[in-house]
Structure formats: C-alpha cells, structure tokens
Amino acid sequence: MTVGSAPSLLRFVTAGSVDDGKSTLIGRLLYDAKGLMRDQVRALGQGRNRTEPDEGDLDLALVTDGLEAEREQGITIDVAYRYFATPNRSFIIADAPGHEQYTRNLVTAASTADVVVVLVDAARTQGKPLKIQTRRHMTLAHMLGLTIVVAVNKMDAVGWSKSVFEDLASKARHLARALGAEPHAIVPISAKAGDNVVERRGTDAWYAGPTLMDVLETVPALDLAARGPLRMPVQRVAVQDGRRLYQGRVESGLVRVGDPVVVAPSRRTSTVAAIETFDGPLGVAVAGQSVSLVLADDLDVARGDLLAAPGVPLAHAVVADLCWLDETPWRPGTKYLLKQGAATSQARIDAIVHVRDVAGLSEARPADGLSLNDIAQVRLKAGMPLLADRFEDVPAVGGFVLIDPLTNQTAAAGMIQAAA
Amino acid sequence: MTTDVITRPARTPVGGGPPPGQARRPALDALDRLESEAIHILRDVAGHAARPALLYSGGKDSAVLLHIARKAFWPAPVPFPLLHVDTGHNFPDVIAYRDAQAAAIGADLLVARVEDSIARGTVRLARATDSRNAAQAVTLLEAIEEHGFDALFGGARRDEEKSRAKERIVSHRDSFGQWNPKAQRPELWNLYNARVQPGEHVRVFPLSNWTERDVWSYIAREAIPLPAIYFAHPRAVVRRGGLLVPVTDLTPPLPGETVETLSVRFRTVGDITCTCPVASTATDLAAIIDETDLADVSERGATRLDDQASEAAMERRKREGYF
Ligand SMILES: Nc1nc2c(ncn2[C@@H]2O[C@H](COP(=O)(O)OP(=O)(O)OP(=O)(O)O)[C@@H](O)[C@H]2O)c(=O)[nH]1
C-alpha cells in the first residue's frame, strides 16, 4: 500500500529439504549485504576466538540456528526471523526448518511471508527427482498464496554445470505448474561460496539472469488486503460518553465515515458514524489500520463479531484445505475450537474430501484419518455461522486455525475454499 | 488434475497505483504497520486472557509498549497492571521515570522485588553484589503465581538476540514457567493461541518484528519521554572486555583498571551490574538514530556483560522462565 517512494518491505521464507542450504543462504545474504554486526560475525567463527575470523572459516548457518539443540544437531528446528535492509528494500527473513518433523514451523513462517525461496540442492538432486520435502514445501507455500522463487544451490559442487541447472530448473518449473503456479524466477547459486547470491564471481559465465538479491529487491511485494471487501473483526468494545466503540484492525478493504456495514453473524445493518483513534478521528481507514468504529445505530455488537461490507458470505459449513500440524492425529467426532478473525467457535470435521499425496505430486488419495503434516481437503461444520470468504479472495480472513480443546495445541491451519 | 490445482490469492502489487474508485487511500508506512500489529496483538490477547499484565521496567522498549497499549485500549484505560521485576540494583533515574509514567496514566504498578525472594530464600547469591539479573526469573515466576497472571506482555524484539529470533509472538510457558523451544505451538497468520491450562501462562511480544532503529524512530515520532540516561552524558567508566563498565558502588573498578570520565549513553537499561553504556555524543533522538545506523555492534553485544559468557546463555535463561 506504500504508494510513495519509501523502501518497501518484503517478507520471505526459505524452504527446501534438510541440508539444502537454507540457513547458509540466509547467513550469506546477511553477510554480503552487510546485515550482520561485528560481534555477530565473530560468533560465527565457532564462537571461540575473539578476533575477526576469515570469511572462509565462517559457519554461516549459525547466523540463524539460534537454539542449542540446533547447533548441536546441525539442523534447523524452528523458524528464526532476521531483519535487514538494503538501500532499496527492507526485509524480514524467516529461516524455516527443512526436516519433515518440523513442517509445521515452515507453515508458521510461510503464513506471514510474501515470497518463498525454495532451495534445491544441485549436488544431491542432479539426475534425480526433486525431494519430497521440496514438493511438500512448494505445495504448502503455494496454498498459502506465496510467490515462488527457486534457487538451485551448491552449484559449486557440480562445477557450475549448465545442464545440471537446466535439468533441475525444468523439474522445479514442472512441479510449480502442476500446482497451478509459475515460478517468478529460478536462479543458480552457491550459498557457501557466495556466488550469484549478492555478488557475481564470474563462475557462471553461461548465466545471464539476475542474482538472487536482484530478484528479492525487485519481486513485487504483494498486498493481500488492499483490494478486498471491508472486513473488520471486532476485538473489543469500549464505551465513551454513551457511544460504543468497536475496536479492531481493518483486515481487508477500507472503511469511510458514512459507509453501510453489516454485522456478522447477526446480519444487522448500520452505517459508520465515526472512525476514532487515540490520535484523533479519521475519515477513512484502510487494511492494516487498527481503529475504533462507531455505528449510527445502537446494535448489539460484541467481541468476535465482524463488521463487513454488505454481501458478506456466511455459512455453517465450509470446504477447506487443511494442514494438520499436531502430533496428536485428528480425533473423528471431536469438536475443535475454530479461530477466525477475532471469533472462536466450535467446529467439527465432517468429512475428509481427500488427502494430498505429496510424493505422487498432485494426485489425491481418499483417507479416513489426518495426522501430522497431512495436507487435506475437508468439510467442516461450525456451531456458529463462519465467515465463508474464500482464502484466495480474502486471505486475511479466509484462513483459520483449529485448536484442540483438550491440549490447547494449535492442531491445524485451514484455508476456506467454498461454502458448503 | 483440475481439483488439484490450487488457486492463488488475488493480489495487488505495491506501486501498481490504487484500484479504481479508491484513489487517495492513506498510505501506511513501516512504523504505522508495526504499531497497528502491536495494537492488534494487545487487543487480541487482552480479550482472551483472564489476568494479563504488562512487564514494565522503565526501559525504552517497555516505554514503547506502554505507549501503544494506551493507544490500543483508548478511550478505556489500559485494562491490566504493570509489573516490574526489580533487582534492587537500579539506575535511580529509571525508577523515578517508571513511577512517574505509571502515575501519569493512572496505571496499577506492581513491583516484585528480587530482595524479597532473597529474604524468602528462593534466591541465593554467593555474594551480595552478584548480578541479580538471572535471579529475576525466580522473582517473576513468584509474582506470576501470586497474582495468577495468565498472559504477560513484554517488549522483547526478535532482532535482539538469536534465541529471541526464534520465539513466537505468543509464547507458551508451562506451569514451571519454562519455555520449550523445541515444541512451540504453530502460529498462523495473525491468529494467536493464548489458551493455557491453569497455572500456565503465555508471554506475548507485540514488538517482535521491531528493530532497534524502529524503536528509536517511533520514540522520536511519538515524542515518548525516556529516562535521561538514554542520552549522552558524562559518566565514570572503566574499559573491561571490550565494554565500558559504569563505575558504581556495586561495580567498583577492579585492581589495575583506570577510571575515565567519558561521554556515554545507554542503548538498553537493565540491572546496574550487567548493563553497559556505549561511547556517544548523541544528546537527542535524531543523533541517536544516526548513531544506530552506523553501529557495527549489536545492542546486546555492546551493552551486556552477562550474555557474552555463552552463546546459549540467553536461551537457557529463557527456558527457565526469564523474559
Ligand atoms: N558445496 C556447497 N555446500 C553448501 C552450500 N550451501 C550450503 N552448503 C552446505 O550444506 C550443509 C547444510 O547447510 P544448512 O544451511 O545447514 O542447510 P539447511 O537447509 O539450513 O538445513 P535445515 O535447516 O536443517 O533444513 C552445510 O554443510 C553447508 O555448508 C553451497 O552452496 N555449496
């Protein structure tokens, strides 16, 4: 929404299988883009000596592998967030784990990202099909609406072979297309040596395309919420001089004083009498703004309700894509807590439409259970009418989570596909 | 195949101009968005939790957090108490500021004293002058139990330190106050899960996505008052381990060290025994922001005596309940 010339923000996540080089890549980006402080660089030289280490001795993966267990096991367990800026753009990077066991942490990271950088390990994948985790990650990222960038990594280990790159690029493109996506860019890199990440070192004479940093600085930062219909979940109600102020963040669209609004789920209608904030009243509020709305009529609006543009779709049952994130498998018949916007209701999975077979690319198989990392389509019934916005139309409110009421674990992430 | 094609969200590229009929939309800048995200988190968790509190030390991050909490709940007052875990080793300036700010907004300020935990015997220190920073976790957990808090807002940022960079915005603590970094709850979009069993609580970090520069820029934009030690002032210090250690009753110079009076400011404020200032001539916020842009050592690296000992020091303390 930043229409002016202020540097835009890009949130991206790295994905790919274990050891494809995700953490190394982020360390490299930060190091080459001067996003690391001196004391942080010193800590990469195995944390022992107190002098500046030579670049070759740096273990760049340590930039983000911030947990003891991660450093011990040499793998990433949970997402690390890093912040840096170039003169052209600021970035929030999420380093997500590759290991299948921690897929839910990749889903966590991807849910707030604009772009995914899917790494493919040229050394270990050449002449072979793409790894299952590569497929799973690309599938999840696409479901979550991310723009896909592919980085074919470890090109140093295959002697910068053009044919290896082209073979893997074509496999990655094929996978994306099977999902209905088109990769924004496919870039050969060496994260370890730093070739074609931020700088070119001439090893890739046959490659005329952009560096990965060029891609990241120019890929459109997409604003999911700007164009949708008004959706403002009511988080709190405050009272001032007899007026009721409905407090929440505009998640989609915009609202002006005088606009007609519908309260969901009651479907009562009113108009916006005022838009208030601590810093003074506004004439208009747009997606991303936290405000307090005053309505012209005295309606019974409570926390968990939604203020929306007329025509808002509501339904007691929906069909949704679902990622199961809990080690405890789905218990058929159980009522889960469904959180969407500011509302929490009870919901039950009525039927599994299919579970996606990640290995077999896009074919789905019938199933009667859901367990950790399953990607499924389900039919879901709720105790209260749900906001039935399709995730692809209004991602800010078309997504929900299921919480297990026994353990309080976040059990699944859902994306509404249709009212049912 | 058709059922397997996942359709993508319709998206509007930034810079593509406003959609027809929606001209002159106000543009949100990066600080607007960070502020709004923090407000959303505060409102969400406060609506869910039975007994929340806001950790308030009088430091710059908690000053920003309190300022945003006022905005979030306005016209209502901040609907929860402030909690300070007081090591007793404070900069007097900061304590005066803490009390004045809480009084100015009519907030309920609870002070949990490490001193009291020492008297109870739940905190034991080898020497009376030892750093009480790590002991804060014990006192904090005692306060949580005493008051039955189920959600604690804190001003920690992910850019501060590597184990913080790993933490969820809403971060679960078990009934012993422990963080289990290997089994964090998934956190999707902006749907936070603050549900706890009795005796458990969540730590909530509305400023997770802020950088040190964002904090300074926001303080300048909003004209948030700060304790004077954040601005350059002459102070007696010694040089130790690459840091400037302030000379106080609790931190006397070691044999062989030379006391110098330098122009310094604090980038972060905590227990007096482990917080170090940096050399600086920045007497106003604009100058501090300029220095922040040029800094080549991280906030913690430049200022904390205790974290330097071990890479994993902070993670261990956090697992045990530290904030
Ligand atoms: N030859 C070569 N090795 C690389 C390159 N990038 C990474 N590696 C090595 O690959 C191994 C794995 O790298 P990491 O960055 O830890 O992998 P990861 O993808 O983050 O792994 P997880 O986070 O555990 O999924 C390390 O030994 C790296 O040094 C590269 O460009 N070339």
How high is the FRET efficiency from residue B:263 to residue B:175, r the C-beta distance, R0 41 Å, rounded to 0.05?
-> 0.30
Apply the Karplus parameterisation 6.51 cos²θ - 1.76 cosθ + 1.60, with θ equal to phi minus 60°, to every residue of the range B:68-81 and state each ³J(HN,Hα) to the nearest whole Hz, in sequence, with x for glycine and proline.
-> 6, 4, 4, 5, 5, 9, 3, x, 6, x, 4, x, 8, x
Semi-axes of the equivalent ellipsoid of the range A:314-419: what are they in whole Å, largest first, if each equals the square root of 5 times a C-alpha gyration tensor eigenvalue?
-> 20, 17, 12
Looking only at lysines whose Cα falls under 24 Å of residue B:166's and that sit 8 or more positions away or on another chain, we get A:22, A:34, A:192, A:339, B:60, B:182, B:318
Ranked on Cβ counts within 10 Å of their own Cβ, fewest leading, A:174, B:147 go A:174, B:147
Going fewest to most other Cβ atoms within 10 Å around each Cβ, B:263, B:280, B:117, A:292 line up as B:263, B:280, B:117, A:292
If each K or R counts +1 and each D or E counts -1, the residues other than residue A:16 whose Cβ falls under 14 Å of its Cβ total +2
Counting alpha carbon pairs within less than 8 Å and at least 6 residues apart, what relative contact order, in whole percent, applies to the range B:114-270?
-> 19
Residues whose built amide H sits under 5 Å from the amide H of residue A:227, excluding neighbours closer than 5 in sequence, are A:253
Nearest 10 degrees, 0 to 90: what angle lies between the long axis of helix A:132-143 and the longest principal axis of chain A (Cα atoms)?
-> 40
Whole-Hz Karplus couplings 3J(HN,Hα) for the range A:249-258, θ = phi - 60° and coefficients 6.51, -1.76, 1.60, Gly and Pro as x, run 10, 5, 8, 7, x, 9, 9, 10, 4, x
Can you give the mean number of other chain Cβ atoms that lie within 10 Å of the Cβ atoms in peptide A:407-417?
-> 4
Residue-averaged [θ]222 nm for chain A, counting only DSSP H segments that reach four residues, each worth -39500 (n - 2.57) | -5000 deg cm²/dmol
Using θ = phi - 60° and the Karplus form 6.51 cos²θ - 1.76 cosθ + 1.60, what ³J(HN,Hα) does each residue of the range B:284-295 get, whole Hz, x for Gly and Pro?
-> 9, 5, 4, 5, 5, 5, 4, 5, 4, 5, 8, 4
Could you line up B:213, B:221 from fewest to most neighbouring Cβ atoms inside 10 Å?
-> B:221, B:213
Name the long-range amide H neighbours of residue B:264: under 5 Å, sequence gap of 5 or more, or other chain; modelled H, no Pro or chain starts.
-> B:233, B:235, B:280
Near the amide H of residue A:306, under 5 Å away, which other amide H atoms are found, from residues 5 or more places off or on another chain, if H is placed in the peptide plane?
-> A:234, A:264
Cα-based radius of gyration of the range A:225-308 once divided by 2.2 N^0.38 Å, which approximates compact folds | 0.95
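Since every read-out is calculated from the coordinates, none of them should be taken as a lab result. A quick note: this is a predicted structure, and the numbers were derived from the prediction, not measured. Please note: Cβ atoms are built from the backbone with ideal geometry, for glycine as well, and neighbour counts cover all protein chains shown.
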